[in-house]
Amino acid sequence: MFSAISAPEVVLGAALLSMFLTMNVAAGYLTVLLAHVMFSVSFVAITVRARVLTMDASVEEAARDLGAGPVATFRLVTLPLLLPAITAGGLIAFALSVDDFIITSFVSGSTQTFPLWIWGATRVGIPPQVNVMGTLIFAVGVLLAVGNVLLARRRTR
C-alpha cells in the first residue's frame, strides 16, 4: 500500500498508461476513473486501517454476546465506529483526485478533466471559472469538515 503513496506520480502515471495499453483499454473516462481509484485506495486503506487497529474488540464481542449476528454487529457497531475514518479517507481521496494532474494527463486520452482544462486555459490567461470552482471546492470541504465536527460532538454528548 505504501508503494503507491511513495511512488512519484510520473512513474505511477506511466505505469498505469502502460498497463491500460497492454490490456487494450482505450484511454478515456474509464481509465481516468480506474487510475484515480487505484492511487486513492491506498490512502483510504491506510486511514481506515489506523482506526481498525485502535478499535476496542470488546465492543463487538459484547454485541455478539447480546445476541447480534455478524451482519447486525457490523452494521450497528463496527460501521459506526469506522465511519469517521471512512469519511476522512474519502475526503483525502477526493482532494487528491481533484488536484491530480500528472496521472490524469497520462491516462485521459481525449477526455478533459478540470485540472487538464485549467492547464490548457492558463496558457491564455486564468478564466474566472477557475476561481469559482476553487472557491466551491474549498467551501464544500469546509462544510464537510464542520459537519463532521458537529456530528462528532453530537455523538459524544
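Between V132, V10, F39, the Cα set farthest toward the positive side of the dipole of the chain (charges on each charged residue's Cβ, about the Cα centre) is that of V132. Taking every alpha-carbon pair in the chain and binning the separations at 10 Å intervals from zero gives 9, 27, 29, 21, 11, 3, 0 percent.
Helices from the chain with mean Kyte-Doolittle at least 0.5 and a Cα length along the axis of 27 Å or more, per DSSP H: which? Qualifying helices: 29-54, 79-99, 128-156.
Calculated FRET efficiency, M133 and A72, Cβ-Cβ r, R0 35 Å, to nearest 0.05? Working shown, then result.
Values: r = 43 Å, r/R0 = 1.22.
FRET efficiency, M133 to A72: 0.25.
Remark: spin-label model distance S110-F94 equals 3.2 nm, labels positioned 7 Å along the Cα→Cβ axis. Rounded, prolate or oblate: which fits the range 105-157, taking a ≥ b ≥ c as square roots of the Cα gyration tensor eigenvalues, rounded meaning a/c under 1.5, else prolate when a/b beats b/c? Note, shape of the range 105-157 comes out oblate. Taking every Cα-Cα distance in the range 1-64 and sorting them into 5 Å bins from zero, the calculated P(r) comes out as 3, 15, 19, 17, 13, 9, 7, 6, 6, 4, 0 percent. Our note on the geometry: Cα centres of the range 33-73 and the range 91-157, 27 Å apart.
We did not get these values from a lab; they are worked out from the coordinates using the rules stated. All figures in this text were calculated on a predicted structure; none of them were measured in a lab. All Cβ positions, even for glycine, are placed from backbone atoms using ideal geometry, and neighbour counts span all protein chains on display.
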